[in-house]
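Okay, structure first, notes after.
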Amino acid sequence: GGGGGGGMRPSSQVASSLVALADRNTALISQLVRTEDGADRLVGGAAPSPRPWLRIALMSVGRSSGAEYLLHALRALLQTHPARVSHPLRSSIEIVVVNNHAPPEAHSVLLRAKQLYGGRVVFVEKEAAAARACRATPKVKGDVAKEPVFRQTCDLVGGLEALLAMPPADHVLLMEDDWLVCPSALLALQYLLDKAYAYDEDWLALRVSYGFNGVVVRGGADLRSLRRHLESHPWRRPPDHLLFEWFSGERPDTKAYAAGRSYRVFRHNLFYHIGALSTLNQPKTRFTPGCYSLMYDWLLPAEVFDEKACPHDDVWPCTEAARAGAPLFSAPDGGAAGSPPRLAWSAAAWTPAPLKPAAAATASHDAGEVARWLAAAAAAGDDTTADAAPALDVAAVGGRGPQQAGQRQGPPPGG
């Protein structure tokens, strides 16, 4: 090669840049220390909080019976939510409890939840002014909602307004406080969201469970549009029916917003219902779908997962499957060439029994148990007792739902 000039050679510039980059990475890594409990934590100041990829929002009210549904729901969530700060889903998923009780300070179970889980859960109160404005809506001829359902819808309006007042999140998973998240459901949600974007970049809603629980919407404009629809029709239908009206575009006042945007239904139910009472006066003996069982019960006909239309997929509708499929792989279960194979989100050993929590898992938190949790947290110098709480005892049975095994239970779709 020819003689060099007077300046630094390009290869030397690259080497110098790499050294500088390595020094910077070393400085960042040195901020990480491993504590005695094995968790990675940042020291020397908190890292800036990223925009949440998913905000899980639990709407909570106190029960006159003192039922501790919220404590159970949070225990299940925090056992599914990664404990390690370095886990990518830990920093990208935020858990928020919205206090919809009136007055808010009378929700004693929520106050205990703040004691137990305040280090990992955000607690906010509904926007009372928005709820009051909703309650001023007059009832007109043809409206079918009764007073308790009307109040529930207006409380949801106040709760959604509280979420809209928070820094925005990419996606919001709407929950009620008497549902347990199924084991590994957050991984299933990540899978579903990725697949939904592959099928329709502009989807409007994703349903993964029943009622006003287990629906994913986008934050910002979509959440605001949903709040407006609930606020406009609190007397007309139950809130989960209003929710369907909004994302399906079945009414003239929702058709324009939903135009060209799809809603998707996951094949598998990702939540288990533990509530004994409902504002809709559902029978106590009603069939309760198990974790990862087929999404067909407790839904309006157009929300049911259509097995005939998508026998080899786990997202419905699935008309985009061939276009969005893996080009070098065929579905192993008889699907079209290149179609995305569906995953089995339950036990490897298939049995007809759906995955359900053991009865002991939802037993009441007695005062002695709570005291032990708090003492363990104080001894560890931690601000949360999620890791000190006893594990949710899930029955060790296979997760295949009765419907998938050809043993349908409960009323027909929409029943």
For this session: Output ³J(HN,Hα) for the range 263-273: one whole-Hz value per residue in order, computed from phi by the Karplus curve 6.51 cos²θ - 1.76 cosθ + 1.60 with θ = phi - 60°, and x for Gly and Pro.
Result: 10, 10, 10, 6, 4, 10, 6, 9, 9, 10, 7
Problem set entry | For the range 160-264, share of DSSP beta bridges that run antiparallel, in % to the nearest 5 | 75
Exercise. Which order do 254, 288 take when ranked by solvent-accessible area (1.4 Å probe, heavy atoms of all protein chains), largest first?
Worked result: 288, 254
Problem set entry | Rotationally averaged projected area of the range 85-148 (alpha carbon convex hull; nm²) | 6.8
For this session: Quick one: which residues, 5 or more positions from residue 95 or on another chain, have an amide H under 5 Å from its amide H? H modelled 1.01 Å from N in the peptide plane, none for Pro or chain starts.
Result: 56, 122
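Compute the Cα gyration tensor for the range 156-207, then decide on rounded, prolate or oblate, letting a ≥ b ≥ c be the square roots of its eigenvalues: rounded whenever a/c is under 1.5, prolate when a/b is larger than b/c in the other cases, and oblate in all that remain.
On the way: a/c = 2.30, a/b = 1.26, b/c = 1.83.
Oblate.
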Problem set entry | Using a Förster distance of 22 Å, the FRET efficiency for residue 251-residue 221 (Cβ separation, nearest 0.05) | 0.70
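Mean 1/r over all different Cα pairs, inverted: what Kirkwood radius does the range 105-197 give, in Å? Working shown, then result.
Values: mean 1/r = 0.0616 Å⁻¹.
Across the range 105-197, the inverse of the average 1/r is 16.2 Å.
In cubic angstrom, how much convex hull volume per residue do the alpha carbon atoms of the range 140-184 span?
Details: hull volume 6.3 nm³, N = 45.
That works out to 139 Å³ per residue.
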Exercise. Once you put a point 7 Å from the Cα of residue 128 and another 7 Å from the Cα of residue 143, both along the Cβ direction, what distance in nm separates them?
Worked result: 2.3
Problem set entry | Accessible area of residue 84 in the full protein assembly, 1.4 Å probe (Å², nearest 10) | 110
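The values are calculated or read from the model by the stated rules, or taken from the named source; none is laboratory data. Since the structure is predicted, the reported quantities are computational estimates derived from the model, not experimental observations. For neighbour counting, all protein chains shown are included, and Cβ atoms are generated from backbone atoms with ideal geometry for every residue, glycine included. To get the accessible areas, we keep the full protein, side chains included, count just its heavy atoms, and leave off ligands, DNA and RNA. Shrake-Rupley method; radii C 1.70, N 1.55, O 1.52, S 1.80 Å.
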